[in-house]
Amino acid sequence: MAFFGFKDLSSLSSVDMTIYRYVSQNPDKVVYMRVRDIAQNAHVSNSSVMRFIHKIGFNSFPEFKAYLSHNDLLSKPKVSEMTYFDASNFPKDISLRLELVANAIYQSDNVVTLGIGESAFMAEYAARRMAFLGYNANAITDPFYPLESKLKNAVNTIIICFSVSGETTELIELVNKFVNNDEVTLVCVSSNEASTIAKMSRYVLSFSEERHYLANYYDLSSQIPVMYIIESLDHVLEKMVTD
């Protein structure tokens with residue numbers, strides 16, 4: 001919805017739009033200004049300000065200011081800056097865990113990232129970034145992919161499973177096939193360090209994040225902590241590659 005209820009912005013000139021932007025971005029200041037104050041701050045003439053006020057439907061400057069004084073835009077609280085995560089979202093030894101996982105990846109011959117649903121995007125993102133660094137990394141986002149047969153003759157493989165809950169049935173069944181495989185090292189990236197997949201894994205890169213669902217079905221939980229883990233891991237790997 002346009003400010004002042006005025007919707008025909010296409011009818012405003014470039015000067016009008018300059019005034020419009022200034023006023024709409026500073027209503028709490030403009031309400032105490034005179035015409036010449038607005039003109040000076042918007043870098044236009046006094047007459048341009050008055051023409052603008054008449055064009056958007058007000059008969060006088062006092063009427064315009066009265067609208068600003070009583071309009072709910074002034075009483076709405078400003079949206080605070082969103083803080084997606086901080087140190088409290090991760091275990092205290094997250095740096096050490098990242099170092100251990102990075103070292104395992106550095107020494108591996110194959111890297112497989114697993115994930116379904118929203119976590120599939122994270123698995124693909126992680127594999128792509130590790131491939132940039134020269135690792136043989138592939139993402140599997142189909143829980144029914146014949147991964148066991150694909151890795152039958154492979155050695156020194158690391159599987160990184162992305163699962164926010166750590167309880168996804170399809171992933172548990174897939175990961176369970178490699179629990180006793182000495183050629184495979186399992187890593188879990190999850191918000192639940194006590195989850196089934198986490199307990200099956202050698203390393204756990206955990207994070208805490210409030211789950212958020214729309215209509216009790218669509219998962220809108222933030223993936224930013226997961227991206228932080230991925231990119232932090234890449235940073236450690238990059239140092240290993242370049243040093």
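What the table shows:
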quantity: Net charge over other residues, Cβ less than 12 angstrom from the Cβ of THR141 (K, R count +1; D, E count -1); calculated: -4
quantity: Point-to-point label distance, GLU193-ARG128, nm (Cα→Cβ direction, 7 Å offset); calculated: 3.1 nm
quantity: THR185 long-range amide H proximity, modeled H, under 5 Å; calculated: THR157, ILE158, ILE159
quantity: Residue-level accessible surface for LYS199, protein heavy atoms, 1.4 Å, Å²; calculated: 150 Å²
quantity: Carbon + sulfur, % of accessible area of the chain - ligands and nucleic acids excluded, 1.4 Å; calculated: 51 percent
quantity: Which of ASP182, ASP234 is most accessible, then next, and so on - probe 1.4 Å; calculated: ASP182, ASP234
quantity: 1.4 Å probe accessible area per residue over the chain, in Å²; calculated: 58 Å²
quantity: Cα-based shape type of the range 131-239, given that a ≥ b ≥ c are square roots of the gyration tensor eigenvalues and the cut on a/c is 1.5; calculated: oblate
quantity: In nm, spacing of pseudo-spin labels at THR242 and ASP109 (7 Å Cα→C-beta vector); calculated: 2.9 nm
quantity: Cα coordinate range in the chain, projected on the principal axes (Å, largest first); calculated: 82, 44, 35
quantity: DSSP bridge orientation in the chain - percent antiparallel, rounded to nearest 5; calculated: 10 percent
quantity: Mean Kyte hydropathy of 0.5 or more with a Cα span along the axis of at least 18 Å, helices from DSSP in the chain; calculated: 94-107, 224-242
quantity: Table column - 3J(HN,Hα) (Hz), the range 156-167, Karplus curve with 6.51, -1.76, 1.60, x for Gly and Pro; calculated: 6, 10, 10, 10, 10, 9, 9, 8, 4, 7, x, 10
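The values are calculated or read from the model by the stated rules, or taken from the named source; none is laboratory data. What you see is a predicted model, and the numbers here were worked out from it, not measured in a lab. Using ideal geometry, Cβ is built from the backbone for each residue, glycine included, and neighbour counts are taken over all protein chains shown. Heavy atoms of the whole protein, side chains included, go into the accessibility calculation; ligands, DNA and RNA do not. Shrake-Rupley method; radii C 1.70, N 1.55, O 1.52, S 1.80 Å.
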